[in-house]
Structure formats: structure tokens, C-alpha cells
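K.L.:
Here it is, the structure, as C-alpha cells.
FYI, it's all coordinate maths here, none of it is from the lab. None of the values given here were measured: they were computed from a predicted structure. Every residue, glycine among them, receives a Cβ derived from its backbone with ideal geometry; neighbour counts consider all protein chains shown.
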Amino acid sequence: MLAPAVLYILLLVAGPFLLAIFYAFSDARIGNTELHFVGLENFRSILQSPSFRIAVRNSFVFTIGSQIVVIIVSSILAIVLEKPFRGRGVIRFLVLLPWVAPIALGAIGWKWILDSIYSVISWVLVALHLYKPFSAPMWLGEPHLAIASVLLVHSWRLIPFSTVILLAGRTAIPKDIPEAAAVDGAGFWRTEFLILLPMMMPIIRVAVLFGTIFTFTDMTVVYILTAGGPFDSTQVLPSLAFTVGIQGSDLAAGAAISLSLVPLLVIVAYLMLRVAHRAEVT
């Protein structure tokens, strides 16, 4: 019974991981038939690279920034969608749609929305006379705007997933708890922040941990929107590994960049197991 799972792990997880370790300590390049052991030289080289430092910074900026936005918006949506109202099913479907749709398709749509020439946002700003024609911001062409745009798309992508988790958590809370708080004179804000929020913290941690993994390991959004530009200002570790290792033909450096993700993911996996174990105990 375990054979298919073991085979899956060996072929799709252990195999590529061991190959990446082998490449990271060699001088492997596409088209190079001879491999030589170089020790820690690849890791020393990427640590001295400005692009690597930018990618590390952006990985944390996108992950932390998007999770702040996602948790705030998802909490509001969960509160709204918990209450029965006309058309709630349609609204729930629309909220979930960005998560169901392929991420590449969604990112292509956002690239058109943020395009320097055909941007819908720029067209609206010009129509409102906030900018003159052909003078609207280049959303993906200026470093700070490109970072904000990528952060926006990451948040848009993860909000549905987090909303479902938080909505499920709120639904599991007994109804008599907020009702008893209302009888005791607690208003909306006191009920939410002093009573329901502490009860929701384990669920929020799960949503944050999953969102952290999804964002930190994702390269699709960055690659489709900006390909790491302009001037590597939106580069993240997965996209930098692809750019250096595949497009730049330097498999050794690309593998070293990919392996730099391992320590963080190990920590996140440990935290996820702790949270899951605590949930089982309680």
C-alpha cells in the first residue's frame, strides 16, 4: 500500500533534491559534460551577489506584506460571509474564483490590467483627469510600483484560500458564545477582538503558515508580471534560481539558490506540525 507513495517521494521529491545538492557543490552548466567538485564556492558566490540579496529581501517583503493584507481582508470577508443574506452563495463563489482559476491565467490578466500602454487602471485615472494621456504610472516598469503590484497580485491570489479557512473557523465557534457576549452588553468590536479573535488565533496561524509557504516558494506571479525586473527589483529566490540556472545555463548557482530556501521551509514545516499537534491536543 505504501509503494506508490514511496515511489512518488523518490521520483518527484528525493531525486530532484539530491540532484540539486550534487549540482550545488559542482560547476555544472548546461552543455558542460564534465563536472568538478567546487565545495562551497557556489554558495560563496551567490552570497556576494546583489541580485541574491535583493531576492532574499523581496521574498520576505512579499511574504510578510501579503500575509498582513490577506489576513485583514480575509477576516473582514469571513465576518461578512458568515451572516446569511440574499446572494451569499454567489458572493462566496466570486470570492473563491481567484483561487480556483489557474495562477498563470490570473497573472496574465493582471499583467494586462497593469500594462504600461493598455492598463485599465491607467485608463480610469486618465478618464478622471488625474493624469494626462500617456503620463500615467508604469505599474510594472518602475521598481517601487512593480513591488507594490506584485504584492497586490500575491494578496489577491491568497485571499480566497485564507477566507475559506477563517470562515470555517468562525463557523465552528458555538453560536451561544457571541450571543452570550451580546446579552452581557458587549458590542461588535469587543466581541470580535476580545472574545472571537483569541479563539480564532490557531486557525489564523494555520492560514498564515500555508500562505507563507505558497508565497515564499512561488515564482509564477513574479515571472509572468515582471520576470524579476525592472533591474531585478522584484526578483525572488525561486525566480532568481530559474533565471540563473535555466536561462543563464548555470545549473550549479541555480541549485545553490534553490537550496537556500530549505532552512526557511524546514522552520515553517516545523511550525505547521506544532500547530497541527496543538490543534489535535485541544
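K.L.:
What net charge is computed for the residues neighbouring V70, neighbours being all others with C-beta under 14 Å from the C-beta of V70, Lys and Arg scored +1, Asp and Glu -1?
P.N.:
After counting each charged neighbour, the total is +1.
K.L.:
Could the peptides 3-9, 251-257 be put in order, highest first, of the mean number of other beta-carbon atoms found within 10 Å of their residues?
P.N.:
251-257, 3-9
K.L.:
Here are labelled values, [x] 17.7; [y] 21.0; [z] 25.1, and one is the computed mean projected area of the Cα convex hull in nm² for what I pasted. Which one?
P.N.:
Identified label for the calculated read-out: [y].
K.L.:
Right, here's the next one. How would you rank 191-197, 230-236, highest first, on the average number of other Cβ atoms within 10 Å across their residues?
P.N.:
Ranked from most to least packed, the peptides come out as 230-236, 191-197.
K.L.:
Along the charge dipole of the chain, pointing to its positive end and built from +1/-1 on Cβ of Lys, Arg, Asp and Glu, which listed residue (L145, I213, L130) has its Cα farthest out?
P.N.:
Toward the positive end, the furthest listed residue is L130.
K.L.:
Next question, about the same structure. Sticking with the crude label model, points 7 Å out along Cα→Cβ, report the distance from I91 to L194 in nm, one decimal please.
P.N.:
2.7 nm
K.L.:
I've got another one for you. Take A186 and E41, extend 7 Å from each Cα along the Cα→Cβ direction, and tell me the distance between the two endpoints in nm.
P.N.:
6.4 nm
K.L.:
Taking H as built 1.01 Å from N, whose amide H comes closer than 5 Å to the amide H of S26, not counting residues under 5 places away?
P.N.:
For S26, whose amide H was placed from the backbone, the distant partners under 5 Å are V38.
K.L.:
V69 to L130: extension gain in nm, 0.36 nm per residue of separation minus the Cα-Cα distance?
P.N.:
Full-extension gain reported as 19.3 nm.
K.L.:
Work out the length of the dipole vector of the chain about its Cα centre, built from +1 on the beta-carbon of each Lys and Arg and -1 on the beta-carbon of each Asp and Glu, and round it to the nearest 20 debye.
P.N.:
580 debye
K.L.:
Around K175, what is the net charge, scoring Lys/Arg as +1 and Asp/Glu as -1 over all other residues with Cβ under 13 Å from its Cβ?
P.N.:
-1
K.L.:
Starting from segment 28-112, pick out the trypsin sites (Lys or Arg not before Pro) whose DSSP state is loop and whose Cβ has at most 11 other Cβ atoms within 10 Å.
P.N.:
When the trypsin sites (Lys or Arg not before Pro) of segment 28-112 are filtered for loop state and at most 11 Cβ neighbours within 10 Å, R86 remain.
K.L.:
Segment 218-279 to segment 140-171: how many Å between their Cα centroids?
P.N.:
Distance between centres, Cα-based: 18 Å.
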